[in-house]
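The structure under discussion appears below in the form of structure tokens.
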Protein chains: 2
Amino acid sequence: MIDYFAEERSEDVVNARMGPDVSPRLAEVMTSLVKHLHAFAKDVELTQDEWGLAIEFLTRTGQMCDGNRQEFILLSDVLGLSMLVDAINHRRPSGATENTVLGPFHVAGAPQYAMGTNISLDGKGETCLFVGQVRTIEGLPIAGARIDVWCDNADGYYDVQQPDTQPQWNNRGVFVTEADGTYSFRGIRPVSYPIPDDGPVGKMLAALGRHPNRPAHMHFLVSSPGYQTIVTHTFVEGDQWLSSDAVFGVKASLVASMERGDDTAWRSSFDFIMTPSGV
Amino acid sequence: MIDYFAEERSEDVVNARMGPDVSPRLAEVMTSLVKHLHAFAKDVELTQDEWGLAIEFLTRTGQMCDGNRQEFILLSDVLGLSMLVDAINHRRPSGATENTVLGPFHVAGAPQYAMGTNISLDGKGETCLFVGQVRTIEGLPIAGARIDVWCDNADGYYDVQQPDTQPQWNNRGVFVTEADGTYSFRGIRPVSYPIPDDGPVGKMLAALGRHPNRPAHMHFLVSSPGYQTIVTHTFVEGDQWLSSDAVFGVKASLVASMERGDDTAWRSSFDFIMTPSGV
């Protein structure tokens, strides 16, 4: 008896077609994907017009991608999938600093600066001092930890989005913690911005009654040999988009204080708590 | 209490973000999609490297698409989704002719011919007479039904895949049934062929240990006012790929006889049983 296609056991017919020498992990992932995609189509009784629209949407999403724009990552972000995959892969003990999405704007190779240096190179925005300590859960300072930071400028754009008008490495820098684990650098008080919403993902957000805004944040990538790398942001307390980040990046533990310092500049304090690798 | 992202209720956090004025059907479809995609990522504990590969795959799939190639439809086909959506939307009473996938090679506007005309214009292949009747489940002939047929040539390519070497409308034609519901036309005995496998979908099939071949078939699009349009193929009995069609298009009821006729040409007989619209 040949196992022809049938609606009621469609996912099994498809999965039974896999060959005998497939990588076990690929077989596991694809079997689950087929099962869930078929269950989705059945649950909502997807129409052919709807499926056609989905095909068109996915096609336009792929064709929107180029060297400077990754619309599928944006799609993953707004569907909460980027945060979910990050969460699944970075479960940490209570008290450790939580991850959030890397985002598409990290650039390797930013200049390393002395503590206290101002990374804002375009003269825009309100100055802010970022300070804190990198330490273990037990409270031991981690010296020599590498802190890679980046954020948008006061107009809401990263340098790589405006290569013609922003200085290279504007609002980016690398710092290395002192013997007592502390860091400090100057930048601007981060501002909120919309994710690029002139493509298919932006149209989808609009259809879903969602806004494209992200609350103001500073990106941190904190690494030290022997410890799990922390990919995260600190969010500016009080930001109007904290509760509705378009990419679901906010966690309560990542909201950092933002206060007026002695010199009337802003001051934001945040400590990073690292866990050993392999834990 | 703000509903920040959390792994264990990630799908609810995402779906709760939808606005109040969203189309109810869009809300239903997206809620289910988010639920199933998050369940998939959780079930297999998707890694960030795997998710990155998926993003790359989807991007390449979109960028493979142009006016002549729709790689996302191909992806939908090989995952059984095209057949599933077709099945969900064309449940018919027992005895009625079943649908199968339309495929990407239908072209509207083929010439209408007199019964018996040969649609093969390139002189290749073994001649085959296709005959049958269009009727109701009750056995009443349907006169004036429009039968739009198309297939690949003897080399396994549709005319639109080889516009420089095949005559336009090669192996395509439209016929209109006689008063007794019958039809007849000549063409070639269909040959099996691989779906285009030089793109991301072909690479995926290879990784899954699957071949790209489709069993030999003739496409039929049968329509008549007051009846549900039938989009289907007839498959050549005995074809080596019948049990493993790369796009899962085969149904047992669609396998047609293929016999030597009196004139030593092949002869394939298939009757189409239509159901009223709206049933």
Somewhere in the stretch A:22-36, is a residue within 30 Å of residue B:66 (Cα to Cα), β-branched (Val, Ile, Thr), in a helix (DSSP H, G or I) and open to solvent by less than 30 Å² (accessible area, probe 1.4 Å)? yes
If a residue must be free of Cβ contacts under 8 Å to residues at least 40 places away in the same chain, surrounded by 14 or more Cβ atoms within 10 Å (Cβ to Cβ) and under 16 Å from residue A:67 (Cα atoms), how many such residues does the stretch B:51-70 contain? 6
I'm told residue A:235 meets every condition in (1) part of a loop (DSSP other than H, G, I, E, B); (2) within 14 Å of chain B (Cβ to nearest Cβ); (3) under 22 Å from residue A:94 (Cα atoms) except one. Can you identify the failing condition by its number? (1)
Top-ranked residue in the stretch A:3-21 [being farther than 24 Å from residue B:42 by Cα and open to solvent by 70 Å² or more (accessible area, probe 1.4 Å); ranked as farthest from the other protein chains (Cβ to nearest Cβ)]: A:8
Kindly provide the set of residues from the stretch A:187-216 that are open to solvent by 50 Å² or more (accessible area, probe 1.4 Å), more than 13 Å from every other protein chain (Cβ to nearest Cβ) and farther than 30 Å from residue A:269 by Cβ, ordered by number. A:197, A:198
Looking at this structure, is residue B:250 assigned to a loop (DSSP other than H, G, I, E, B), in contact (Cβ under 8 Å) with a residue 40 or more places away in the chain and in contact with a strand residue (DSSP E or B) (Cβ under 6 Å, 6 or more places away or on another chain)? yes
Provide a single number: the residues in the stretch B:240-271 that are within 13 Å of another protein chain (Cβ to nearest Cβ) and open to solvent by 30 Å² or more (accessible area, probe 1.4 Å). 6
Residues that are within 15 Å of the chain's Cα centre (by Cα) and farther than 16 Å from residue A:151 by Cα, drawn from the stretch A:234-243: A:242
Given the conditions (1) of a type in the set (Phe, Trp, Tyr); (2) closer than 30 Å to residue B:31 by Cα; (3) in a loop (DSSP other than H, G, I, E, B), and given that residue A:57 satisfies all but one, which numbered condition is not satisfied? (3)
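Taking the stretch A:66-89 as the search range and keeping residues that are in a loop (DSSP other than H, G, I, E, B) and at pLDDT below 95, which one is farthest from the other protein chains (Cβ to nearest Cβ)?
A:68
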Tell me yes or no: at least one residue of the stretch A:146-168 is outside any strand (DSSP E or B), of a type in the set (Phe, Trp, Tyr) and within 23 Å of residue A:86 (Cβ to Cβ). yes
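Tell me, please, whether a residue that is closer than 17 Å to residue B:269 by Cβ and either touching a residue at least 12 places away in the same chain (Cβ under 8 Å) or out of contact with any strand residue (DSSP E or B) (no Cβ under 9 Å at 6 or more places or on another chain) (or both) can be found in the stretch B:159-175.
Within the stretch B:159-175, one or more residues are closer than 17 Å to residue B:269 by Cβ and either touching a residue at least 12 places away in the same chain (Cβ under 8 Å) or out of contact with any strand residue (DSSP E or B) (no Cβ under 9 Å at 6 or more places or on another chain) (or both).
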So, in the stretch A:169-195, of the ones that are part of a loop (DSSP other than H, G, I, E, B) and more than 15 Å from residue A:123 (Cα to Cα), which residue ends up nearest to the chain's Cα centre (by Cα)? A:195
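With respect to residue A:46, is the statement that it is of a type in the set (A, V, I, L, M) and outside any helix (DSSP H, G or I) true?
Yes; evaluated as a whole, the condition is true for this residue.
Looking at the stretch A:102-139, which of the residues that are among the charged types (D, E, K, R) and outside any strand (DSSP E or B) is most open to solvent (accessible area, probe 1.4 Å)?
The residue in question is A:138.
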Taking the stretch A:90-101 as the region of interest, how many residues are closer than 22 Å to residue A:215 by Cα and more than 9 Å from chain B (Cβ to nearest Cβ)? 4
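The values are calculated or read from the model by the stated rules, or taken from the named source; none is laboratory data. The structure presented is a predicted model; accordingly, all values stated were derived computationally and were not measured. Cβ: placed from backbone, ideal geometry, glycine included. Neighbour counts: every protein chain shown. In case anyone asks, the SASA skips ligands and DNA or RNA and just uses the protein heavy atoms, side chains included. Shrake-Rupley method; radii C 1.70, N 1.55, O 1.52, S 1.80 Å.
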